[in-house]
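These notes concern the structure reproduced below.
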Amino acid sequence: MRDGYDVLVVGAGPAGLAAAAAAAGHGARVGLIDAQAGAGGQVWRREVARTGPALARRGIAAALGHPGVAWLPQTQVVGAEAGALLVEDPQGGRWLGYRALVLAAGARELLLPFPGWTLPGVTGAGGLQALAKQGWPLRGCRVVIAGSGPLLLAAAVTARRHGAELLGVYEQAGGEHLRRFARGLWRWPGKAAQAAWMRARLAGVPYRCGSVVRRASGEARVQAVEVDGPHGLQRIACDLLAVGYGLLPNVELARLLGCALRQSGAHPCVDTDSRQRTSVEGIYAAGELCGIGGRDSARLEGAIAGHAAAGDDAGAARLQRPRRHARRFAERLDRHFALDPRVRALAEADTVICRCEDVPLSALDGHADARSARLATRCGMGACQGRICGGALAELGRFPRDGSRPPLFPARLSTLAADPVSFRDP
Amino acid sequence: MSAPVRLQINGHGVEVPPGTSVAAAIARLGLPFRRSVQGHWRAPLCGIGVCFECRVRIDGLAQQRACMLPVREGMQVWTDA
Amino acid sequence: MKSYDLIVVGAGIVGAACADCASEAGLRVALVEPGPIGGGATAAAMGHLVAMDDDPAELALARYSLGLWQAMADLPQAEYRRCGTLWVAASEEDRARIPAKLARLDAAGVAARAVDARELYRLEPALVAGLAGGLLVPADAVVFPPAVARHLVERALRRGTAFYRSGASHIGAAAGVRLHDHSELSGPVLVATGCALPQLLPGLPLRPRKGHLAITDRYPGTVHHQVLELGYADSAHGEADSSVAFNVQPRPTGQILIGSSREYGATTPEVSLPMVRRMLQRAFRFMPVLRQLDALRLWTGFRPVSADGQPYLGRVAGRRDVWVAAGHEGLGITTSLGSARLVVDLVLGRRPAIDPQPYDPARVAR
């Protein structure tokens, strides 16, 4: 038996924070790790020189302020053995043992290839928001935001607050879909209020439905984009294009641990029961990892997982109803922001798919699976380990990503050689 | 407000607020990040450490993700410029 | 039933080379492979073209093959690079092995020279201080094996080779194979299925020997030669259940490939972190700078090990029209081209360029 935490939580977004706080509330010794320097995940990412919203501050304080929680930032999970994770932090590699594990690794953006998407100045929508919050300069910058989902509005609000000149938000979903979505929002008053708040902050910014960015162009960086909307093609000169097509779950660690996955659309997510238990004894999963559901279901599932991991089934049972309500919101999102087929047809034969190895779409013709493509073209062999191109190729209907292997992220060789015996914790 | 952090990027001194990422500090100077394997310019895409497009050399260590690291006093950063 | 002059089963680099060679000789060839071309040990291998000299038969086949590899030197997708092999001596004891090794290589016509400590660090500045010297084989090279396998298959296909994307389930009593889809092909059969050999030819003993490799991000200029410890052969040829040796390779991309491990009895492809740990700790002893480099990937593969370490090349004892080219252990990339030429010569009744007797499968018939 290795020394370690009673409950180890991977990911310090809303789900992981709630899990850590709930488990620690039962007296468990909790380790909370995240690859980022700050807690909050993407949705509660702290801005340079600015305090976060009250809900985020409370969520972070409830976990990080609890004496039973050890907060381990800048800690990336690299590998796993039974009952322990191999992690890397700025000091090096070490093993963290656990009795129960809560996976709350969240999601990343679905970034789909189109001509010009590799130009500097083209980012994800959430990507732009994350960069802006890190202090990326946007004052006076002409920004086009495009793609799909509520994240576009959130990114636009952040960009505007940082002084960007917003030229427009282009949503691929059609207007009728969005009107139906809006009509049903009253059942989630918090969401409705949030939407109204964002729209107020975006007064004067064009919001166009049924519109897709077909192309970005420019010399050394993006200078213009071509938008295909209900009224035809439009060319817009800009300094930045932020485009994201929603989120996909970060299942890599769950897959390495052998947790059963299920398909949600083109992408896998972790299968859990109502107590957030995965198919592997002692391993729980919560939040976006279990299917994109947003902040509210993440917080509730995190708390359920935290209670369950600490052995409090009653606590986990109490939160079932609100969780189901929050999940229903996600199902609506999925339905109303479903991708228009033309989004999957933007990449041309010479459009780079694998950005790490500069592999164009045409090179992948004739390959039936990711491994065969990798061996022949290097597609997915680079530093992102296929996270960007793999998600895109699955969405494009080419082939799914294949299995997980350590290192789950590029890691120093010294980390992979870390001795499990000499790093007992805590 | 706490004092700004001073670092060097491609030999240029720059001062930024604490908590700023190395990626944002590079962008403030308007410097390019990296060249792809075929020699094309690339810059941050995802902003959260997934895409690896923002890799630079930090304190002698190549291939570090600039978006994942807050600036530190005296940091030496080199991009592909 | 389709009939062929030769049915090659398996499109790893050995089978691919056999199909290439046989089609070049004008035979009507069928190539049978259910998976990706070069998707087994070929894809997992380092791709080091090396004159291994621990055994005369092994060296003869390697030497013959290395000559044939020259024809691939200008093929862009082969990523052929003549970086040379630098064998390093960790101790005076290691260094004492150098003269005999030089003599063996010289006898086989492989150019090599001893390197003193000063030159060692000029050649590879990243090596740990205090090494005793080494031995340089300048003509050794590295390639990207699965790309070479695909090239060989494409060349065979252009000459009319028929490709069957299926596995072979059974070799007929006379000749020919039955495929998984129940279709049958008739003609002489050449089995080149590597670790899967016993499924078709259970009479030829073969054990899988698992290996691990790591590859780094791009750090051009860190390593210049394929660098191995002189004790490598102790790991390669020892009978220990598991062993590791220092073995690094500069890829043309600037990435560094790091090996090596050997394990009997491990049959699942999962990466074993304890084995990776041993392998890397060994590598750090020779090249400490590796510690701080980022690894992008780890993977495993299985070397097909014959009963006595030599490949099985030739007619299967007691079978008129069944041939084999398999069991190359860790030297299958290096010796693929020579093995194919030798077997196809035997199939055609031509006299091979080197003595085929040491590789004759009849030696282990049971």
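Dividing the helix sum by the residues of chain C, where each DSSP H run of 4 or more adds -39500 (n - 2.57), gives a mean residue ellipticity at 222 nm of -8500 deg cm²/dmol. When chain C is treated as a GNM with alpha-carbon contacts under 10 Å, the residue of C:Arg155, C:Arg341, C:Arg118 showing the greatest mean-square fluctuation is C:Arg118. Positive-end ranking of C:Gln255, C:Gly301, C:Ser339 along the dipole of the protein assembly as shown, with charges on Cβ about the Cα centre, is headed by C:Gln255.
Placing +1 on the Cβ of every Lys and Arg and -1 on the Cβ of every Asp and Glu, with nothing else charged, gives the protein assembly as shown a dipole about its Cα centre of roughly 2740 debye. Computed from the C-alpha gyration tensor, the three semi-axes of the ellipsoid equivalent to the stretch C:273-324 are 41, 12, 9 Å, from longest to shortest. Just grab the label-to-label distance for A:Gln263 and A:Arg332, each label 7 Å out from Cα along the Cβ direction, in nm (one decimal). Taking the two extended label points, one gets 2.8 nm. Highest mobility in the GNM of chain C, judged by mean-square fluctuation with C-alpha springs under 10 Å and restricted to C:Pro146, C:Pro76, C:Pro56, is found for C:Pro76. Of the solvent-accessible surface of the stretch A:346-395, computed with a 1.4 Å probe and all protein chains present, 50% belongs to carbon and sulfur. For C:Lys2, a cut-off of 17 angstrom between C-alpha atoms picks up these aspartates and glutamates, skipping any fewer than 8 places away in its own chain: C:Glu33, C:Asp181, C:Glu184, C:Asp321.
The Rg/Rh ratio of the stretch A:1-136, with Rg taken over Cα atoms and Rh as the Kirkwood radius over Cα pairs, comes to 1.03.
If R0 is 35 Å, the Cβ-Cβ spacing of B:Trp78 and C:Ala129 corresponds to a FRET efficiency of close to 0.80.
With Cα atoms as the point set, the radius of gyration and Dmax of chain A evaluate to 21.3, 66 Å.
Taking a virtual spin label 7 Å from the Cα of C:Glu270 along the C-beta vector, which residues in the stretch A:281-311 bring their backbone nitrogen under 14 Å of it? Answer for this model: A:281. When the accessible area of chain C is computed with all protein chains present and a 1.4 Å probe, what percentage of it is carbon and sulfur? In chain C, the share of accessible area belonging to carbon and sulfur is 52 percent.
Here the convex hull built on the C-alpha positions of the stretch A:136-191 has a volume of 83 cubic angstrom per residue. Per the accessible-area calculation with a 1.4 Å probe, the total area buried between chain C and chain A rounds to 2400 Å². Put simply, the amide H of A:Ala164, placed in the peptide plane, has neighbours under 5 Å in A:Gly140, leaving out anything fewer than 5 places away on its chain. Solvent-accessible area of the stretch A:1-155 (1.4 angstrom probe, protein heavy atoms only): carbon and sulfur portion equals 55 percent.
For the stretch C:182-321, the C-alpha radius of gyration divided by 2.2 N^0.38 Å, with N the number of residues, is 1.28. The amide H of B:Ile9, built 1.01 Å from its N in the peptide plane, has B:Val14, B:Val77 as neighbours under 5 Å, considering only residues 5 or more places off or on other chains. 3J(HN,Hα) couplings calculated from phi for the stretch A:403-410 with the Karplus curve 6.51 cos²θ - 1.76 cosθ + 1.60 (θ = phi - 60°) are, in sequence order, x, 9, 9, x, x, 5, 10, x Hz; Gly and Pro show x. In this structure the protein assembly as shown gives 38 Å² per residue of accessible area when probed at 1.4 Å with all protein chains present.
Measuring heavy-atom accessible area with a 1.4 angstrom probe and counting protein chains only, the residues of the stretch A:363-380 that give up at least 50 Å² relative to the chain alone are A:Arg371, A:Leu375, A:Arg378. For the pair the stretch C:28-52 and the stretch C:78-95, the centres of their Cα atoms are 24 angstrom apart. Scalar couplings 3J(HN,Hα) for the stretch A:11-23, obtained by applying the Karplus form with A = 6.51, B = -1.76, C = 1.60 to θ = phi - 60°, are x, 10, x, x, 5, x, 5, 5, 5, 5, 5, 5, 5 Hz; x denotes Gly and Pro.
Once the Cβ-Cβ distance of A:Arg161 and A:Arg58 is raised to the sixth power relative to R0 = 22 Å, the FRET efficiency obtained is 0.55.
Largest GNM mean-square fluctuation among A:His307, A:His177, A:His336, using chain A with Cα springs under 10 Å: A:His177.
If I model the stretch C:111-203 as equal point scatterers sitting on the Cα atoms and use the Debye formula, what is log10 I(q)/I(0) at q = 0.14, 0.16, 0.19 Å⁻¹? Results for the stretch C:111-203 at q = 0.14, 0.16, 0.19 Å⁻¹ read -0.71, -0.79, -0.99.
Between the residues A:Pro406, A:Leu361, A:Leu261, the greatest Cα displacement towards the positive end of the dipole of chain A, with unit charges on the Cβ of Lys, Arg, Asp and Glu, is found for A:Leu261. Where a ≥ b ≥ c are the square roots of the eigenvalues of the C-alpha gyration tensor, would you call the stretch C:283-358 rounded, which needs a/c under 1.5, or, failing that, prolate if a/b is larger than b/c, or oblate? Judged from the Cα gyration tensor, the stretch C:283-358 comes out prolate (a/c at least 1.5, a/b above b/c).
Take the accessible area of chain B alone and of chain A alone, subtract that of the pair, and you get about 2800 Å² summed over both chains, using a 1.4 Å probe. The residues A:Val48, A:Val222, sorted by heavy-atom accessible surface at 1.4 Å with ligands and nucleic acids left out, run A:Val48, A:Val222 from largest to smallest. For the Cα atoms of chain C, what angle does the longest principal axis make with the long axis of helix C:273-286, in degrees from 0 to 90, nearest 10? Roughly 50 degrees, rounded to the nearest 10. With the Cα gyration tensor of chain C giving a ≥ b ≥ c as the square roots of its eigenvalues, does the rule (a/c under 1.5 for rounded; else a/b larger than b/c for prolate; else oblate) give rounded, prolate or oblate? The shape class here is prolate.
Using the Cα coordinates of the stretch B:5-76, the gyration tensor eigenvalues translate into equivalent-ellipsoid semi-axes of 19, 13, 11 Å, sorted from longest to shortest. At q = 0.12, 0.17, 0.18 Å⁻¹, what is the log10 ratio I(q)/I(0) for the stretch C:1-148, with the Debye formula run over Cα points and no solvent? Here log10 of I(q) over I(0) equals -0.63, -1.03, -1.10. Could you tell me which of rounded, prolate or oblate describes the stretch A:63-166, using a ≥ b ≥ c as the square roots of the eigenvalues of the alpha-carbon gyration tensor, with rounded for a/c under 1.5 and, failing that, prolate when a/b is larger than b/c and oblate otherwise? It comes out prolate by the Cα gyration axes. Looking at the protein assembly as shown, I'd like the Rg to Rh ratio, where Rg is from alpha-carbon atoms and Rh is Kirkwood's inverse mean 1/r. Radius of gyration over Kirkwood radius for the protein assembly as shown works out to 1.00. Any idea what the dipole of the stretch C:29-83 comes to, in debye rounded to 20, about its Cα centre with Lys/Arg Cβ at +1 and Asp/Glu Cβ at -1? It works out to roughly 200 debye. Dividing the helix sum by the residues of chain A, where each DSSP H run of 4 or more adds -39500 (n - 2.57), gives a mean residue ellipticity at 222 nm of -9000 deg cm²/dmol. P(r) for the stretch A:113-244, from all Cα pairs and a bin width of 5 Å, is 2, 11, 21, 24, 20, 12, 6, 3, 0, 0 %, short bins first. Equivalent ellipsoid of the stretch A:62-103: semi-axes from √(5λ) of the C-alpha gyration tensor, largest first, are 19, 15, 8 Å. Couplings 3J(HN,Hα) of the stretch A:112-126, computed from phi: 9, x, 8, x, x, 6, 8, 5, x, x, 9, 10, x, 6, x Hz, in residue order, whole Hz [Karplus 6.51 cos²θ - 1.76 cosθ + 1.60, θ = phi - 60°; x for Gly and Pro]. Reducing the stretch C:239-282 and the stretch C:191-215 to their Cα centroids gives an inter-centroid distance of 18 Å. For A:Gly13, the residues 5 or more places off, or on other chains, whose built amide H falls under 5 Å of its own are A:Gly40, A:Gly41.
Computed over Cα pairs, the Kirkwood radius of the stretch A:242-351 leads via Stokes-Einstein (1.567 mPa s, 4 °C) to a diffusion coefficient of 86 µm² per second. Measuring how big the stretch A:346-395 is from its alpha-carbon positions, Rg and Dmax come out at 9.5, 25 Å. What separates the Cα centres of the stretch A:187-226 and the stretch A:128-156 is a distance of 9 Å.
The values are calculated or read from the model by the stated rules, or taken from the named source; none is laboratory data. All values derive from a computational prediction rather than experimental measurement. Cβ coordinates were reconstructed from backbone atoms using ideal geometry, including for glycine residues, and neighbour counts include every protein chain displayed. Note: areas computed on protein heavy atoms with side chains; ligands, DNA, RNA excluded. Shrake-Rupley method; radii C 1.70, N 1.55, O 1.52, S 1.80 Å.
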